[in-house]
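Have a look at the structure below, then the notes.
A short reminder: the numbers here are calculations on the coordinates, not readings from a lab. Bear in mind the structure is a predicted one, so any value in this text is a computation, not a measurement. Cβ sites come from the backbone with ideal geometry, for glycine too, and all protein chains shown count toward neighbours.
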Amino acid sequence: MNILITGANRGIGLEMVRYSMEQGWRVFACCRNPHNADKLFNIAKLSNGQISVHIADMSELSTIQALSYELRNDAIDMLINNAGVYGSEKNKFGSVDVESWLQTFQVNSIAPLKMVEAFSQQLQMGKQKVVACMSSKMGSMADNGYGSSYIYRSSKAALNAVVKSLSIDLKEQGIITVALHPGWVKTDMGGPNAEISTRECVEQLFSQLSQLKVQDSGRFIDIDGTDIPW
């Protein structure tokens, strides 16, 4: 299987690369800054060419187009839009950082759509034809019982809307598009007190992805396989 992963230099993305290598998959690992990707390059060096590292900055759409051209002849079985940011801590009522809000939307909401547009042909060349977008329960309007966090919540809610529309627009091409909630994970964003390790997260996510069928397209899926309300 050929798998393309964004935000692959740390956290969940890095563990996805490691897991994919163990499965014998071909991995196109993407990161914004290669100078901040030592762990990713170390894994790639041990992969005997199984893993290649590519630049894809979700805040610079031109890099997405450049990567698509570079990989124009490669089939992509699974595209994982994992890259994401939380945005400014100034995200409460009366103090929202608007500039950060716009930047967060660019990375979390707009870039995943542009990735799918850029790699739609490669996905059609693949067998599984899966697009997985890393969302969050914080993007669920039905699950919002605490308020605040305007920047992150709205960016993930927008991503969920993108996923739902993609599931309709790409139905005829047989491309399955889902939004995933990875759980509360011990990463730089999740913090050391989170509930599960990146390894536990990745194993459960890939377990869900391996079971997807065409009729699952458009779902918002929790790490345990249950549906999350929009």
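Kindly indicate whether any position in the range 186-204 is of a type outside the set (Phe, Trp, Tyr), in contact with a strand residue (DSSP E or B) (Cβ under 8 Å, 6 or more places away or on another chain), touching a residue at least 60 places away in the same chain (Cβ under 8 Å) and not in a helix (DSSP H, G or I).
No - not one qualifying residue is present in the range 186-204.
Is it true that Ala132 is of a type in the set (A, V, I, L, M, F, W, C), in contact with a strand residue (DSSP E or B) (Cβ under 6 Å, 6 or more places away or on another chain) and more than 17 Å from Lys156 (Cβ to Cβ)? First the steps, then the outcome.
Values: of a type in the set (A, V, I, L, M, F, W, C): yes; in contact with a strand residue (DSSP E or B) (Cβ under 6 Å, 6 or more places away or on another chain): yes; more than 17 Å from Lys156 (Cβ to Cβ): no.
No, not satisfied.
Which residue out of Gly87, Gly126 is farther than 24 Å from Ser154 by Cα, in contact (Cβ under 8 Å) with a residue 60 or more places away in the chain and of a type in the set (Gly, Ala, Ser)? Talk me through it step by step, then tell me what you get.
Details: Gly87 fails: farther than 24 Å from Ser154 by Cα.
That would be Gly126, the only listed residue that is farther than 24 Å from Ser154 by Cα, in contact (Cβ under 8 Å) with a residue 60 or more places away in the chain and of a type in the set (Gly, Ala, Ser).
Considering the range 108-134 alone, what residues qualify as being buried (at least 19 other Cβ atoms within 10 Å of the Cβ) and among the basic types (Lys, Arg)?
Correct list: Lys129 only.
In the range 78-134, how many are in a loop (DSSP other than H, G, I, E, B) and in contact with a Gly (Cβ under 7 Å, 6 or more places away or on another chain)?
Here is the first cut: in the range 78-134, the residues in a loop (DSSP other than H, G, I, E, B) are 82-97, 119, 126-129.
Right, trim to in contact with a Gly (Cβ under 7 Å, 6 or more places away or on another chain) and you get 82-84, 129.
Total satisfying the criteria: 4.
Within the range 41-59, can one find any residue that is of a type in the set (A, V, I, L, M, F, W, C), crowded, with 19+ Cβ neighbours inside 10 Å and in a helix (DSSP H, G or I)?
Checked the range 41-59: at least one residue is of a type in the set (A, V, I, L, M, F, W, C), crowded, with 19+ Cβ neighbours inside 10 Å and in a helix (DSSP H, G or I).
Just checking, how many residues over the range 194-225 are within 16 Å of Met78 (Cα to Cα), under 16 Å from the mean Cα position of the chain (by Cα) and β-branched (Val, Ile, Thr)?
Here the count works out to 1.
Hey, could you check the range 1-40 for residues that are part of a loop (DSSP other than H, G, I, E, B) and either in contact with an Asp or Glu (Cβ under 7 Å, 6 or more places away or on another chain) or not polar (S, T, N, Q) (or both) and say which is surrounded by the most Cβ atoms within 10 Å (Cβ to Cβ)?
First, the residues of the range 1-40 that are part of a loop (DSSP other than H, G, I, E, B): 1, 6-10, 24-25, 32-33, 37.
With the extra rule that they be either in contact with an Asp or Glu (Cβ under 7 Å, 6 or more places away or on another chain) or not polar (S, T, N, Q) (or both), the set shrinks to 1, 7-8, 10, 24-25, 32, 37.
On the way: Met1: 17, Gly7: 24, Ala8: 33, Arg10: 17, Gly24: 8, Trp25: 16, Arg32: 20, Ala37: 21.
Once the filter is applied, the top-ranked residue is Ala8.
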